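See structure below.
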Amino acid sequence: MTEVTEQQPEKVEEVAKETPAEETTETPADNGSTDAATSATEGNTTDLEKKIMRQVEYYFGDANLNRDKFLQDQIAKDTDGWVPISVLLTFKRLASLSSDANVIAEACAKSDEGLVEVSEDKSKIRRHPERPLPEHNEERRKDIMSRTAYAKGFPLDSTMDLLLDYFAAYEKVVHINMRKYLDKPTKTYKFKGSVFVTFEKKEQAEEFIEKANPKYKDTQLIVKWQEKYIEEKREEQKAKTNKKKEKKEKEEENKINLPKRSVLFFDGAKDDLSRETIKEAIQKVSSDWDIAYVEFNKGDKSGHVRFHEEDSAVKFLEKLEDKKLKINDDLTLEVRTLSEEEETAFLEKAVENMKNRRNHFNQKKGGFNRKRRGGHNDRNDEKKAKASDE
């Protein structure tokens with residue numbers, strides 16, 4: 001029995017999931033799937049009966065039944081696990097093949113796969129009691145992936161029947177997953193031209209991937225292990241993420257361009273001098289220019305004052321007598337602007353500090369909602385710096 005799934009796809013490339021090819025999404029009323037039971041008795045079985053067997057055996061197969069809550073509930077209603085064929089006919093795929101319960105029963109009775117059996121009155125079907133559903137756990141997931149291949153190169157208009165015919169030549173395919181994507185303009189799911197195909201044994205998958213050199217008509221198929229495909233796509237997405245991050249960081253770096261000729265250097269401080277006192281003294285001279293930051297700690301002999309606007313340091317210095325800033329009757333600071341070399345080094349360091357604060361803020365998500373010691377707010381400082389540069 002070959003289980004085949006027309007995948008209900010995700011809206012984006014689904015490679016980040018380490019999900020075996022068997023696992024796809026479906027609904028009780030229409031799982032959009034086909035099951036290829038090539039083990040049916042040849043000679044006295046029609047094509048329609050083969051398709052019916054495929055579909056019913058898919059419903060009761062490992063891939064679907066393990067997660068089909070609707071069908072599990074139906075099985076649980078009967079102590080012996082029988083499901084009325086009338087219930088199965090609510091599945092659109094099966095109903096599209098035949099709406100006659102007798103035709104469904106007769107077709108399933110001809111299968112020698114041994115997965116399902118038909119009741120004596122031909123009104124019910126169940127999974128054979130001697131074929132219990134395997135436990136779906138991590139070990140089984142890894143087992144499925146170890147014998148699953150990725151194959152790409154099929155026509156985009158391929159149908160499930162076309163794929164069934166193609167893979168019938170390989171031993172032994174137990175599951176085919178058509179990979180699809182959401183086409184936003186048409187709001188429909190379209191085939192990507194690739195499948196995940198699971199074999200009964202790892203050796204059979206290895207034969208297909210490593211030795212068969214498969215082609216579809218004149219097109220050479222791209223084939224690889226599903227695990228390798230998923231890892232490659234994961235690395236590809238990681239690279240894209242890093243590229244976006246680097247681009248964003250570069251854009252952010254370009255945004256922080258602090259104004260030139262906006263920094264004063266002062267010297268001659270005493271141990272009890274504070275940043276607040278320095279700011280008050282500057283405001284007494286002139287309040288025409290907003291202070292962005294005072295780089296100074298108690299005990300330092302010198303420090304810097306950075307303004308928000310370009311040329312503000314030069315203009316402020318012109319208002320001072322003899323380039324001296326009076327703090328009080330006992331203290332006067334020597335003040336000057338920075339040389340071009342000094343200013344470049346100072347502003348580069350300031351930008352670096354801003355980035356570090358920003359990164360810390362992003363990590364803490366809200367850790368800078370209060371003012372820091374020193375009488376200024378870092379985030380507002382950055383915003384004003386950006387605004388003055390624009």
Please go through region 255-268 and pick out each residue that is under 20 Å from Glu352 (Cβ atoms), open to solvent by 50 Å² or more (accessible area, probe 1.4 Å) and not in a loop (DSSP other than H, G, I, E, B).
Lys255
Residue count, region 128-166 (criterion: over 28 Å from Val118 (Cβ atoms), open to solvent by 30 Å² or more (accessible area, probe 1.4 Å) and touching a Leu at 6+ places or on another chain (Cβ under 6 Å)):
0
Can you find a residue that is open to solvent by 70 Å² or more (accessible area, probe 1.4 Å), over 30 Å from Ala212 (Cα atoms), not in a strand (DSSP E or B) and not hydrophobic (A, V, I, L, M, F, W, C) anywhere in region 167-181?
no
Out of region 99-122, which residues are small (Gly, Ala, Ser), surrounded by 12 or more Cβ atoms within 10 Å (Cβ to Cβ), in contact with a Leu (Cβ under 9 Å, 6 or more places away or on another chain) and over 13 Å from Arg54 (Cα atoms)?
Ala101
Residues satisfying the stated conditions in region 335-358, i.e. acidic (Asp, Glu) and either surrounded by 15 or more Cβ atoms within 10 Å (Cβ to Cβ) or touching a His at 6+ places or on another chain (Cβ under 8 Å) (or both)
Glu343
For region 61-98 the number of residues that are of a type in the set (Ser, Thr, Tyr), part of a loop (DSSP other than H, G, I, E, B) and open to solvent by 30 Å² or more (accessible area, probe 1.4 Å) is 2
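Residue by residue, here is whether (1) of a type outside the set (Ser, Thr, Tyr); (2) in contact with a Gly (Cβ under 8 Å, 6 or more places away or on another chain) holds:
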residue: Phe208; (1), (2): yes, no
residue: Asn213; (1), (2): yes, no
residue: Thr219; (1), (2): no, yes
residue: Tyr229; (1), (2): no, no
residue: Lys240; (1), (2): yes, no
residue: Asn257; (1), (2): yes, no
residue: Lys260; (1), (2): yes, no
residue: Ile291; (1), (2): yes, no
residue: Glu295; (1), (2): yes, yes
Would you check which residues across region 94-139 are basic (Lys, Arg) and closer than 22 Å to Lys77 by Cβ and list them?
Lys122, Lys124, Arg126, Arg127, Arg131
Can you pull out the residues in region 304-326 that are in a strand (DSSP E or B) and of a type in the set (Phe, Trp, Tyr)?
Phe307
Residue within region 236-254 that is under 30 Å from Leu162 (Cβ atoms) and charged (D, E, K, R) present
yes
Would you confirm, using the coordinates I've provided, whether Tyr216 is touching a residue at least 60 places away in the same chain (Cβ under 8 Å), among the hydroxyl-bearing types (Ser, Thr, Tyr) and touching a strand residue (DSSP E or B) at 6+ places or on another chain (Cβ under 8 Å)?
no
Filter region 115-146 down to the residues that are free of Cβ contacts under 8 Å to residues at least 40 places away in the same chain, basic (Lys, Arg) and not in a helix (DSSP H, G or I), then identify the one that is nearest to Asp62 (Cα to Cα).
Arg131
Matching residues in region 193-222 - criterion: being open to solvent by 10 Å² or more (accessible area, probe 1.4 Å) and part of a helix (DSSP H, G or I)
Lys202, Glu203, Gln204, Glu206, Glu207, Ile209, Glu210, Lys211
Of the numbered conditions (1) at pLDDT below 90; (2) closer than 22 Å to Ala269 by Cα; (3) open to solvent by less than 70 Å² (accessible area, probe 1.4 Å), Asp329 satisfies every one except a single condition; which is it?
(3)
If the requirement is being of a type outside the set (Phe, Trp, Tyr) and closer than 30 Å to Ala105 by Cβ, which of these qualifies: Arg126, Arg141, Arg179, Arg147?
Arg126
If Glu252 satisfies every condition in (1) open to solvent by less than 70 Å² (accessible area, probe 1.4 Å); (2) within 25 Å of Asp300 (Cα to Cα) but one, which is the exception?
(2)
Top-ranked residue in region 269-303 [being in contact (Cβ under 8 Å) with a residue 60 or more places away in the chain and assigned to a strand (DSSP E or B); ranked as most open to solvent (accessible area, probe 1.4 Å)]
Tyr293
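The values are calculated or read from the model by the stated rules, or taken from the named source; none is laboratory data. These figures come from a predicted structure and were not determined experimentally. Note: ideal-geometry Cβ built from the backbone for every residue, glycine included; neighbour counts use all protein chains shown. The accessibility values were calculated without ligands, DNA or RNA, using every heavy atom of the protein model including side chains. Shrake-Rupley method; radii C 1.70, N 1.55, O 1.52, S 1.80 Å.
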